[in-house]
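Take a look at the structure set out below.
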Amino acid sequence: MNKLILTFAVGGLLLSSCGNSTNEKSNNNRETATHQQHQHDDEQTIRLNNGEKWLVNEEMKPFILEAENILTEYINNNLSDYKTLAEQLKEKNSGLIKSCTMKGESHDELHKWLYPHIELIESLSKAESTEEASEIIANLQASFLTYNQYFQ
(Lines give C-alpha, C1' and ligand atoms only; values in the text may rest on other atoms or scores of the structure.)
Protein backbone atom coordinates (compact mmCIF):
# COMPACT_ATOMS: atom_id res chain seq x y z
CA MET A 1 0.00 0.00 0.00
CA ASN A 2 2.81 2.42 0.91
CA LYS A 3 4.55 1.65 -2.39
CA LEU A 4 1.36 2.46 -4.30
CA ILE A 5 0.96 5.76 -2.45
CA LEU A 6 4.64 6.58 -3.08
CA THR A 7 4.26 5.77 -6.78
CA PHE A 8 1.25 8.09 -7.13
CA ALA A 9 2.93 10.85 -5.13
CA VAL A 10 6.11 10.65 -7.21
CA GLY A 11 4.07 10.43 -10.41
CA GLY A 12 2.06 13.49 -9.50
CA LEU A 13 5.22 15.41 -8.65
CA LEU A 14 6.91 14.38 -11.87
CA LEU A 15 3.96 15.25 -14.05
CA SER A 16 3.38 18.57 -12.36
CA SER A 17 7.07 19.44 -12.72
CA CYS A 18 7.83 18.12 -16.20
CA GLY A 19 7.21 20.77 -18.83
CA ASN A 20 5.66 23.08 -16.27
CA SER A 21 5.34 26.77 -16.95
CA THR A 22 2.77 29.36 -15.97
CA ASN A 23 1.27 29.26 -19.48
CA GLU A 24 0.66 25.52 -19.26
CA LYS A 25 -1.42 25.32 -16.07
CA SER A 26 -4.57 24.01 -17.77
CA ASN A 27 -2.55 21.44 -19.73
CA ASN A 28 -0.89 20.28 -16.50
CA ASN A 29 -4.27 19.84 -14.84
CA ARG A 30 -5.39 17.64 -17.73
CA GLU A 31 -2.09 15.69 -17.69
CA THR A 32 -2.34 15.19 -13.93
CA ALA A 33 -5.93 13.96 -14.24
CA THR A 34 -4.89 11.61 -17.05
CA HIS A 35 -1.92 10.41 -15.01
CA GLN A 36 -4.08 9.66 -12.00
CA GLN A 37 -6.23 7.41 -14.18
CA HIS A 38 -3.16 5.61 -15.53
CA GLN A 39 -1.31 3.16 -13.34
CA HIS A 40 2.41 2.85 -14.00
CA ASP A 41 3.81 -0.63 -14.33
CA ASP A 42 7.27 -0.49 -12.75
CA GLU A 43 8.35 -3.36 -14.95
CA GLN A 44 7.52 -1.68 -18.25
CA THR A 45 10.30 -2.36 -20.68
CA ILE A 46 12.18 0.69 -21.87
CA ARG A 47 12.64 0.67 -25.62
CA LEU A 48 15.07 2.48 -27.86
CA ASN A 49 14.07 5.25 -30.26
CA ASN A 50 14.19 3.31 -33.54
CA GLY A 51 17.40 1.64 -32.42
CA GLU A 52 18.90 4.88 -31.05
CA LYS A 53 19.15 6.25 -27.53
CA TRP A 54 16.53 8.76 -26.42
CA LEU A 55 17.67 12.36 -26.01
CA VAL A 56 17.42 13.84 -22.52
CA ASN A 57 17.25 17.61 -22.24
CA GLU A 58 20.53 19.32 -21.37
CA GLU A 59 19.16 20.83 -18.15
CA MET A 60 18.48 17.37 -16.71
CA LYS A 61 21.73 15.66 -17.64
CA PRO A 62 23.93 17.21 -14.92
CA PHE A 63 21.66 15.91 -12.16
CA ILE A 64 21.78 12.37 -13.53
CA LEU A 65 25.55 12.49 -14.06
CA GLU A 66 26.15 13.93 -10.58
CA ALA A 67 23.95 11.26 -8.97
CA GLU A 68 25.79 8.53 -10.86
CA ASN A 69 29.14 10.01 -9.78
CA ILE A 70 28.00 10.15 -6.14
CA LEU A 71 27.06 6.48 -6.28
CA THR A 72 30.30 5.49 -8.02
CA GLU A 73 32.38 7.39 -5.45
CA TYR A 74 30.45 5.73 -2.62
CA ILE A 75 31.14 2.28 -4.08
CA ASN A 76 34.77 2.92 -5.07
CA ASN A 77 35.64 4.34 -1.65
CA ASN A 78 33.87 1.53 0.24
CA LEU A 79 31.78 4.05 2.15
CA SER A 80 29.13 2.83 4.56
CA ASP A 81 26.81 5.75 5.36
CA TYR A 82 24.01 4.68 3.04
CA LYS A 83 21.50 7.06 4.67
CA THR A 84 23.61 10.03 3.58
CA LEU A 85 23.97 8.48 0.13
CA ALA A 86 20.19 8.20 -0.13
CA GLU A 87 19.75 11.85 0.85
CA GLN A 88 22.33 12.98 -1.70
CA LEU A 89 20.61 10.96 -4.44
CA LYS A 90 17.20 12.33 -3.42
CA GLU A 91 18.59 15.85 -3.72
CA LYS A 92 19.81 15.15 -7.26
CA ASN A 93 16.44 13.65 -8.19
CA SER A 94 14.71 16.76 -6.91
CA GLY A 95 16.85 18.90 -9.21
CA LEU A 96 16.25 16.46 -12.05
CA ILE A 97 12.48 16.66 -11.64
CA LYS A 98 12.48 20.46 -11.38
CA SER A 99 14.55 20.75 -14.56
CA CYS A 100 12.32 18.48 -16.63
CA THR A 101 10.85 20.08 -19.74
CA MET A 102 10.70 16.90 -21.79
CA LYS A 103 7.54 15.86 -23.57
CA GLY A 104 6.40 13.05 -25.80
CA GLU A 105 7.87 9.58 -26.18
CA SER A 106 11.31 10.41 -24.80
CA HIS A 107 9.63 11.76 -21.66
CA ASP A 108 7.50 8.63 -21.32
CA GLU A 109 10.48 6.32 -21.79
CA LEU A 110 12.53 8.28 -19.25
CA HIS A 111 9.74 7.83 -16.71
CA LYS A 112 9.90 4.06 -17.21
CA TRP A 113 13.45 4.31 -15.89
CA LEU A 114 12.90 7.08 -13.34
CA TYR A 115 9.96 5.66 -11.34
CA PRO A 116 11.76 2.45 -10.31
CA HIS A 117 14.98 4.44 -9.77
CA ILE A 118 13.24 6.78 -7.34
CA GLU A 119 11.72 3.81 -5.54
CA LEU A 120 15.18 2.28 -5.11
CA ILE A 121 16.46 5.48 -3.53
CA GLU A 122 13.44 5.59 -1.23
CA SER A 123 14.11 1.96 -0.26
CA LEU A 124 17.74 2.82 0.44
CA SER A 125 16.72 5.62 2.79
CA LYS A 126 14.59 3.09 4.72
CA ALA A 127 17.10 0.23 4.70
CA GLU A 128 17.61 -1.30 8.13
CA SER A 129 20.94 -3.02 7.60
CA THR A 130 24.16 -2.69 5.66
CA GLU A 131 23.33 -5.94 3.85
CA GLU A 132 19.95 -4.62 2.72
CA ALA A 133 21.54 -1.33 1.67
CA SER A 134 24.26 -3.13 -0.30
CA GLU A 135 21.65 -4.99 -2.32
CA ILE A 136 19.79 -1.77 -3.09
CA ILE A 137 23.04 -0.02 -4.02
CA ALA A 138 23.82 -2.82 -6.49
CA ASN A 139 20.34 -2.29 -7.98
CA LEU A 140 20.97 1.46 -8.21
CA GLN A 141 24.22 0.77 -10.03
CA ALA A 142 22.31 -1.45 -12.47
CA SER A 143 19.69 1.30 -12.83
CA PHE A 144 22.34 3.75 -14.00
CA LEU A 145 23.62 1.16 -16.47
CA THR A 146 20.09 0.91 -17.83
CA TYR A 147 19.85 4.69 -18.08
CA ASN A 148 23.11 4.83 -20.06
CA GLN A 149 21.90 2.04 -22.34
CA TYR A 150 18.72 3.86 -23.38
CA PHE A 151 19.38 7.60 -22.93
CA GLN A 152 21.92 10.21 -23.94
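The values are calculated or read from the model by the stated rules, or taken from the named source; none is laboratory data. Remember, it's a predicted structure, so these values are computed and weren't measured experimentally. For neighbour counting, all protein chains shown are included, and Cβ atoms are generated from backbone atoms with ideal geometry for every residue, glycine included. What goes into the accessible areas is simple: the full protein's heavy atoms, side chains included, and nothing from ligands, DNA or RNA. Shrake-Rupley method; radii C 1.70, N 1.55, O 1.52, S 1.80 Å.
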Surface accessible to a 1.4 Å probe, per residue, for the residues of the range 66-152, Å²: 50 Å²
Burial ranking of peptide ranges 45-57, 111-123, 61-73 (average Cβ count within 10 Å, highest at the top): 111-123, 61-73, 45-57
Protein-only accessible surface order, largest first, of LYS103, LYS92 at 1.4 Å: LYS103, LYS92
Per-residue SASA entry for SER80, accessible area with 1.4 Å probe, Å² rounded to 10: 90 Å²
Cα gyration tensor shape of the range 51-152, rounded if a/c is under 1.5, else prolate or oblate by comparing a/b with b/c: prolate
Distant-in-sequence amide H partners of ASN49 (H built 1.01 Å from N, under 5 Å): TRP54
